[in-house]
Each structure stands twice: as structure tokens, then as C-alpha cells.
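The values are calculated or read from the model by the stated rules, or taken from the named source; none is laboratory data. Keep in mind the model is a prediction, meaning the values are calculated, not measured. A quick note on method: Cβ atoms are made from the backbone with ideal geometry, for glycine too, and the neighbour counts reach across all protein chains shown.
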Amino acid sequence: MYLTEEEQKMLNGERGPSVQKAMQIQVQLGEIYGAERMIPVKSAHMPGSSVVVAGEGALKFIEKMGENCEEFAAYTTLNTAAVDLDRPEEIGFKDGDVQRQKRLTCAYEKMGGIACHTCTPYLIGHVPMKGEHVAWGESSAIAFANSVLGARTNREGGPSALAAAITGRVPAYGYHLDENRKGQYIIDVQARLSDVSDFGSLGYWVGQKVGSGVPVFTGIGHEVNTDQLKMLGAALASSGAVALFHIVGVTPEAPTLEAAMGGNEPKERWTFGEAEKADACAKLNKHQGQPVSLVALGCPHSSLNEIITIAKLLEGRLVKATFWVLTSQPVKHFAYRSGYGQIIEAAGAKLVVDTCSVLGEMSAPMEKIGMTAMATNSAKLAHYAPGQWNIPTYYGTTEQCVNAAVEGVFNND
């Protein structure tokens with residue numbers, strides 16, 4: 001690999017041992033993937049921000065790196081944590097898990113990491129521009145950054161994202177290069193899509209077919225919104241490993257089908273109609289008729305618009321099931337500032353921050369709830385929860401999930 005004079009100094013240890021170790025990681029990655037040079041990055045989003053993901057070994061490594069690193073070279077936000085740091089005892093998290101999470105968070109903060117603890121950093125101001133090179137982890141955030149924002153990132157893991165934050169560099173390969181951002185598959189969407197769960201069903205169905213490929217969607221109108229695109233990307237990255245998708249006439253690199261494909265002939269072309277939507281939804285409903293003990297919305301983390309929708313559906317009602325609306329600290333603040341947080345909590349539901357049901361240390365909270373079955377509008381959560389936590393799962397619209405929380409049962413109609 002070609003290294004600039006500054007990059008060579010990093011590799012030689014002239015900028016300190018942590019910078020040297022980080023550059024060694026980047027050089028090794030570059031050699032594995034055939035990169036010819038490094039690319040400066042302006043920002044990073046750190047996937048290894050939960051102690052459930054990091055584990056004790058990685059926690060000690062990050063603390064050690066922080067001892068010899070004065071400040072991250074790139075603006076860096078932290079992904080979801082293992083616990084709700086606002087009110088862990090009320091949710092049911094164990095003190096030992098809370099203390100380990102605080103150690104990890106503090107280690108990142110020491111290097112300049114922003115402890116927002118969210119999987120949707122683009123909803124709280126971390127918004128790279130089209131064509132900007134970044135180093136993001138967290139599968140749904142990666143898909144959103146590449147696809148909706150038009151920024152450029154590979155699927156960074158904990159060590160590579162940390163190395164990028166410390167050095168401000170990534171190897172030039174993968175989705176940083178024009179030739180790898182072209183569409184490979186075409187999906188003609190004919191089904192009616194309205195609720196965010198419809199976009200999750202679409203993403204779940206397509207992700208299984210394309211794997212890590214680049215799908216191009218036609219037939220999705222301009223009225224599509226940020227929350228729907230968020231759910232689409234999250235599902236694509238869960239059932240498959242999609243890090244980039246294009247929607248003709250919607251996403252920035254797809255003004256036309258021809259531009260999205262970039263001269264490629266499609267490897268395959270499918271139609272997604274009402275039958276395919278119903279099939280995907282049915283596969284995500286993994287339950288045996290149990291009563292609902294937990295409703296979890298906000299995977300990825302809820303936007304203020306989603307919280308407003310939930311509040312309007314809950315107003316004047318009381319929940320029977322435990323009801324978590326997962327979101328970030330800033331969005332929770334605005335929800336209370338605008339009065340919607342109070343409506344949700346008056347109904348007996350909770351705005352849960354910092355963590356999520358996928359990357360959180362959920363054993364103790366779920367034992368406290370007394371789990372029978374979960375309901376969610378998130379295809380990502382419906383995909384992971386049955387295997388990860390052995391939870392029977394209902395999947396449906398936001399309204400169905402709110403009604404399930406109030407009634408204690410899920411109605412498929």
C-alpha cells in the first residue's frame with residue numbers, strides 16, 4: 001500500500017502506541033482487500049459500544065488504547081449500549097452490567113467519543129454528506145449512510161471502526177470506490193407500502209435473496225419518508241448483509257434506473273407484490289398464540305415522528321403489557337419537551353434510551369417482565385429476537401403493536 005508521510009509516521013509509532021496499533025490494523029485490512037492507499041474519513045460510528053458486543057477482552061483493549069490516545073482524529077458517535085443509563089434499575093438491568101457499561105462508555109469518552117448511544121446517529125445530527133467518506137458500524141446505520149445519505153462506508157466492525165476513529169483513515173476498498181456502488185439486482189415493487197412494517201417486510205424478503213449484493217428498487221414513490229427508509233435498510237441488513245441499496249427517483253445515486261445500475265446488467269429481477277409481502281410478514285411471525293407480555297418499538301431507534309404516532313395511538317389508554325419505545329437521549333428530550341413523552345408514560349409505557357433489545361443485556365429485564373411473547377413492528381427485531389432470546393414474536397404494524405400492548409393480545413386483522 002502507498003502511505004503518505006503522515007500515515008507512515010503513524011505506522012512507525014511516531015504518533016504514539018495507540019495510533020501505531022490502529023494504523024497496523026488499517027494496513028492489514030488494506031492488504032487483505034487489495035487497497036492501494038488510505039482515504040481520510042471525517043467521522044466514525046462505533047459499533048462496539050455495548051459490553052454485550054465488546055466483552056471483557058475488548059473492554060480492556062479499548063481502555064488500554066484510551067490510555068495512549070489523546071483524542072480521536074474523526075468525529076465519533078457511539079452505538080447502542082447494553083443498558084438504559086437513565087434508569088437501569090427501573091427497567092431491570094443488573095448493577096454489574098451497568099458498571100461494566102459505564103467503564104466502556106467512559107473509555108470511549110476519554111478519546112472524544114460522543115456517548116449518544118444510538119443506532120440512528122443521523123437522527124441526532126451526525127449526518128455526513130453525499131460522497132463523504134466515513135467509517136460506520138451498525139448494520140442499519142451503514143445501510144442508511146450509504147443509501148439514503150449517499151455517504152461512503154464499508155461494514156466496519158469494532159476494531160476497524162476504532163482504528164479509523166484514532167487514525168482518521170480507512171483503506172480504499174469496497175463501497176468507498178465508485179465501481180462497487182453500482183446496482184446488481186432489480187426489484188419491482190408493486191405491493192402497497194404504508195406502515196414502516198411494510199418496508200421491513202420488503203427488506204426482509206429482498207435481503208434473503210440478494211445476500212450482500214446491491215439491490216435497486218423501482219415503484220417506490222417520492223412520498224417515502226425517513227422512518228420507512230430506516231426500516232427498509234435495517235431489514236435488508238438483517239435477513240441479508242446489504243450495506244447499500246438504491247431506490248430509483250428517491251436515493252441520491254439513483255436519479256434513474258440506468259444511473260443506479262451504472263452499466264451493469266441485473267443478475268436477477270424480481271417483483272414484490274401483495275403475495276410476497278404477506279409471505280414475508282408470515283415468516284416474521286414466530287409465535288404459538290401466546291399472550292403478549294412485551295411490546296418493543298424502536299429498532300432501529302425511534303424518531304420523534306414515530307414517537308408522535310405512538311403517543312396519538314396511546315392517548316387516553318392504559319397498557320396491560322410492558323411497552324418499550326426505544327430511542328436516543330436527544331429524541332427522548334424532545335419528546336418530553338413537546339408533551340408526547342408524557343402521553344406515552346401516562347399510558348404506562350416507557351421511553352427506553354441508550355440500549356436496544358438486540359444489543360442489550362436483556363436477560364434480567366425479560367425475567368422481570370415474565371416473558372410470554374413479544375410484539376414489534378421491526379423486521380430486524382422480529383428476525384433476531386426468537387433465536388437470540390428464545391422469545392416467541394408477533395410482527396405487525398405500529399397500530400397493531402400499540403393495540404397489543406393495551407389489550408395484552410395481538411390481533412392479526
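What residue, among those in the range 255-282 that are charged (D, E, K, R) and in contact with a strand residue (DSSP E or B) (Cβ under 9 Å, 6 or more places away or on another chain), is farthest from G348 (Cα to Cα)?
Step one: filter the range 255-282 for residues charged (D, E, K, R), giving 258, 265, 267-269, 274, 276-277, 279.
Now drop any that are not in contact with a strand residue (DSSP E or B) (Cβ under 9 Å, 6 or more places away or on another chain), which leaves 267-269, 276.
Details: K267: 50, E268: 48, R269: 46, E276: 36 Å.
The selected residue is K267.
Among Y185, Y108, which is the only one that is of a type in the set (S, T, Y) and either surrounded by fewer than 21 Cβ atoms within 10 Å (Cβ to Cβ) or under 27 Å from A58 (Cα atoms) (or both)? Don't jump to the end; show me each part of the working.
Details: Y185 fails: either surrounded by fewer than 21 Cβ atoms within 10 Å (Cβ to Cβ) or under 27 Å from A58 (Cα atoms) (or both).
After applying the criteria, what remains is Y108.
Quick one: would you say S49 is assigned to a helix (DSSP H, G or I), of a type in the set (S, T, Y) and either buried (at least 19 other Cβ atoms within 10 Å of the Cβ) or not assigned by TED's automatic domain parsing to the domain that holds A172 (or both)? Steps first, answer last, please.
On the way: assigned to a helix (DSSP H, G or I): no; of a type in the set (S, T, Y): yes; either buried (at least 19 other Cβ atoms within 10 Å of the Cβ) or not assigned by TED's automatic domain parsing to the domain that holds A172 (or both): yes.
Here the answer is no, as S49 does not meet what is asked.
Need a quick list: strands (runs of 3 or more DSSP E) entirely within the range 312-413 having at least 2 residues that are aliphatic (A, V, I, L, M) and within 18 Å of the chain's Cα centre (by Cα). First the steps, then the outcome.
Numbers: elements: 322-327, 350-353, 374-376, 393-395.
Result: 322-327, 350-353.
Quick check on G221: is it at pLDDT below 95 and more than 23 Å from the chain's Cα centre (by Cα)? Please lay out each step first, then the result.
Values: at pLDDT below 95: yes; more than 23 Å from the chain's Cα centre (by Cα): yes.
For G221, the condition - at pLDDT below 95 and more than 23 Å from the chain's Cα centre (by Cα) - is met.
What do you reckon, is K277 in contact (Cβ under 8 Å) with a residue 12 or more places away in the chain, buried (at least 20 other Cβ atoms within 10 Å of the Cβ) and charged (D, E, K, R)? Before you say what the answer is, go through the steps one by one.
On the way: in contact (Cβ under 8 Å) with a residue 12 or more places away in the chain: yes; buried (at least 20 other Cβ atoms within 10 Å of the Cβ): yes; charged (D, E, K, R): yes.
Considered against the rule, which asks whether it is in contact (Cβ under 8 Å) with a residue 12 or more places away in the chain, buried (at least 20 other Cβ atoms within 10 Å of the Cβ) and charged (D, E, K, R), K277 comes out as yes.
Can you pull out the helices (runs of 4 or more DSSP H) entirely within the range 88-186 that have at least 1 residues that are farther than 28 Å from K209 by Cα, in contact with a strand residue (DSSP E or B) (Cβ under 8 Å, 6 or more places away or on another chain) and not polar (S, T, N, Q)?
Details: elements: 88-91, 95-110, 139-144, 158-167.
Because the criterion is at least 1 residues that are farther than 28 Å from K209 by Cα, in contact with a strand residue (DSSP E or B) (Cβ under 8 Å, 6 or more places away or on another chain) and not polar (S, T, N, Q), the helices (runs of 4 or more DSSP H) in the range 88-186 that meet it are 88-91, 95-110, 158-167.
One line per residue, one yes/no per condition, for (1) crowded, with 24+ Cβ neighbours inside 10 Å; (2) among the aromatic types (F, W, Y); (3) assigned by TED's automatic domain parsing to the domain that holds G150; (4) on the phi < 0 side of the Ramachandran plot:
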{"residue": "G213", "(1), (2), (3), (4)": "no, no, no, yes"}
{"residue": "G219", "(1), (2), (3), (4)": "no, no, no, no"}
{"residue": "T226", "(1), (2), (3), (4)": "no, no, no, yes"}
{"residue": "F245", "(1), (2), (3), (4)": "yes, yes, no, yes"}
{"residue": "P252", "(1), (2), (3), (4)": "no, no, no, yes"}
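What pairs can you find where one residue is in the range 78-103 and closer than 24 Å to G125 by Cα and outside the structural domain of C356 (by TED's automatic domain parsing), the other is assigned to a loop (DSSP other than H, G, I, E, B) and aromatic (F, W, Y), and their Cβ atoms are less than 7 Å apart, with a gap of 6+ or different chains?
Close Cβ pairs (under 7 Å, with a partner that is assigned to a loop (DSSP other than H, G, I, E, B) and aromatic (F, W, Y)) amount to V83/F93; D84/F93.
When residues of the range 388-413 are filtered for being aliphatic (A, V, I, L, M) and buried (at least 24 other Cβ atoms within 10 Å of the Cβ), how many remain?
The qualifying residues number 4.
Between a first residue in the range 283-303 that is in contact (Cβ under 8 Å) with a residue 24 or more places away in the chain and among the basic types (K, R) and a second residue that is surrounded by fewer than 24 Cβ atoms within 10 Å (Cβ to Cβ) and outside any loop (DSSP other than H, G, I, E, B), which pairs have beta carbons less than 8 Å apart while being 6 or more apart in sequence or on different chains?
Going by the 8 Å Cβ cut-off, the qualifying pairs are K286/P386.
What do you reckon, is S43 of a type in the set (S, T, Y), touching a Leu at 6+ places or on another chain (Cβ under 6 Å) and surrounded by 21 or more Cβ atoms within 10 Å (Cβ to Cβ)?
Details: of a type in the set (S, T, Y): yes; touching a Leu at 6+ places or on another chain (Cβ under 6 Å): no; surrounded by 21 or more Cβ atoms within 10 Å (Cβ to Cβ): yes.
Answer is no for this residue.
May I ask you to verify whether V41 is within 25 Å of H117 (Cβ to Cβ), in the same structural domain as I142 (by TED's automatic domain parsing) and in contact (Cβ under 8 Å) with a residue 12 or more places away in the chain? First the steps, then the outcome.
Numbers: within 25 Å of H117 (Cβ to Cβ): yes; in the same structural domain as I142 (by TED's automatic domain parsing): yes; in contact (Cβ under 8 Å) with a residue 12 or more places away in the chain: yes.
Yes, satisfied.
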